[in-house]
Amino acid sequence: MSTTLTQEKRTNQKAQLSLLLVGVVSIVMFFAALTSAYIVSFNAGGWVLFNIPSVFYTSTAIILLSSLTLICAQISINKENQTMLLIGLVFTLLLGIAFTFSQFSGWNQLVEQEIFFSGKKSNAAGSFFYTITFMHLAHLLFGLAALVITSIKASLKKYSKANHLGVQLVSLYWHFLTILWVFLLLFLIYIR
């Protein structure tokens with residue numbers, strides 16, 4: 001009986017991991033299409049250059065730091081340290097919220113530069129910048145929701161060294177979003 005439950009648990013874990021990987025591949029394909037459209041539009045000409053607000057660099061530091069706090073949480077659960085797991089998850093969540101606010105601040109600074117998403121004063125360069133950064137943030141909001149759920153479960157001590165799939169899944173997704181952000185920002189800096 002317990003062998004059957006263990007096998008079912010492993011099968012369930014593999015299915016959840018597979019679903020996450022399918023989601024990640026879908027997101028990669030989405031951003032590949034978006035950056036391809038950016039390059040095509042850039043090559044068509046009429047591209048307006050603008051200064052990327054420095055807050056986007058700050059947000060990069062924030063999201064990189066959030067990945068580090070999540071690594072600390074992962075290490076903590078492997079050492080059966082429930083308190084440090086929760087602290088790592090909560091700090092990651094708070095840094096994710098700070099990243100979100102920094103994105104809005106960056107968009108406000110773009111408006112101050114008269115770089116708009118749409119309208120008579122808009123340009124493809126600005127529209128793509130808003131779209132790419134907004135779509136990343138939209139995917140990050142799912143990560144924040146997952147961090148809230150994982151933090152609640154951690155506070156209820158639902159995770160252990162032997163059973164921490166939720167922590168693993170949220171970590172994989174969050175680290176993916178961190179890498180994706182760094183790629184997207186470098187792309188937006190150098191393809192202009």
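Just so you know, all these numbers are worked out from the coordinates, no wet-lab data involved. What you see is a predicted model; the values in this text were computed from it and never measured. Cβ atoms come from the backbone with ideal geometry, glycine included; neighbour counts cover every protein chain shown.
Think of the chain as having a plus end and a minus end, set by charges on the Cβ of Lys, Arg, Asp and Glu; of Ala98, Ser36, Val55, Ala98 sits farthest toward the positive end of this dipole. Scattering from the chain was approximated by placing one identical point on each alpha carbon and applying the Debye formula without solvent; log10 I(q)/I(0) at 0.07, 0.11, 0.17, 0.19 1/Å stands at -0.26, -0.57, -1.08, -1.25. Here's the picture: a label point sits 7 Å out from the Cα of Glu112 along the beta-carbon direction, and within region 28-54 the residues with their amide nitrogen under 15 Å of it are 51-54. What is region 1-103 by shape, rounded, prolate or oblate, if you read a ≥ b ≥ c off the alpha carbon gyration tensor as root eigenvalues and call it rounded for a/c under 1.5, prolate for a/b larger than b/c, and oblate otherwise? Since a/c reaches 1.5 but b/c is at least a/b, the shape of region 1-103 is classed as oblate. Projecting the Cα atoms of Phe183, Gly88, Ser155 onto the charge dipole of region 82-187 (Cβ charges, centred on the Cα centre) puts Ser155 farthest toward the positive pole. Each Cα pair under 8 Å and six or more residues apart adds its sequence gap; the mean of these over the residue count of region 2-190 is a relative contact order of 27 percent. Taking the Cα centre of the chain as reference, the dipole from Cβ charges on Lys and Arg (+1) and Asp and Glu (-1) amounts to some 480 debye. Remark: region 43-57, residue by residue, has Karplus-estimated 3J(HN,Hα) of 5, 6, x, x, 7, 9, 7, 9, 7, 6, x, 5, 4, 5, 6 Hz, where x stands for each Gly or Pro and the curve is 6.51 cos²θ - 1.76 cosθ + 1.60 at θ = phi - 60°.
3J(HN,Hα) along region 128-133: 5, 4, 4, 4, 5, 5 Hz, from the Karplus curve 6.51 cos²θ - 1.76 cosθ + 1.60 with θ = phi - 60°, whole Hz, x for Gly and Pro.
Residue exposure proxy: Ile52, Ile71, Ile189, ordered by other Cβ atoms within 10 angstrom of their Cβ from fewest to most, comes out as Ile189, Ile71, Ile52. Our analysis of region 115-192 gives Rg over Rh at 1.19, with the two radii drawn from alpha carbon positions and Rh computed by the Kirkwood formula.
Close lysine pairs were tallied over the chain: pairs 8 or more places apart or on different chains with Cα atoms under 25 Å apart number 15. Using θ = phi - 60° in the Karplus curve 6.51 cos²θ - 1.76 cosθ + 1.60, the 3J(HN,Hα) couplings for region 7-15 round to 5, 5, 5, 5, 4, 5, 5, 5, 5 Hz; x is entered for Gly and Pro.
Note on the chain: helix-only mean residue ellipticity at 222 nm, from DSSP H runs of 4+ residues weighted -39500 (n - 2.57) and normalised by residue number, equals -29000 deg cm²/dmol.
For Val48, neighbours were defined as the other residues whose beta-carbon sits under 12 Å from its Cβ, and their charges (Lys and Arg +1, Asp and Glu -1) total +1.
I need the peptides 13-19, 85-91 ranked by packing, meaning the mean over residues of other C-beta atoms within 10 angstrom, with the highest value on top. The partial results should precede the final answer.
Numbers: 13-19: 11.9, 85-91: 22.1.
Ranked by mean Cβ neighbours within 10 Å, highest first: 85-91, 13-19.
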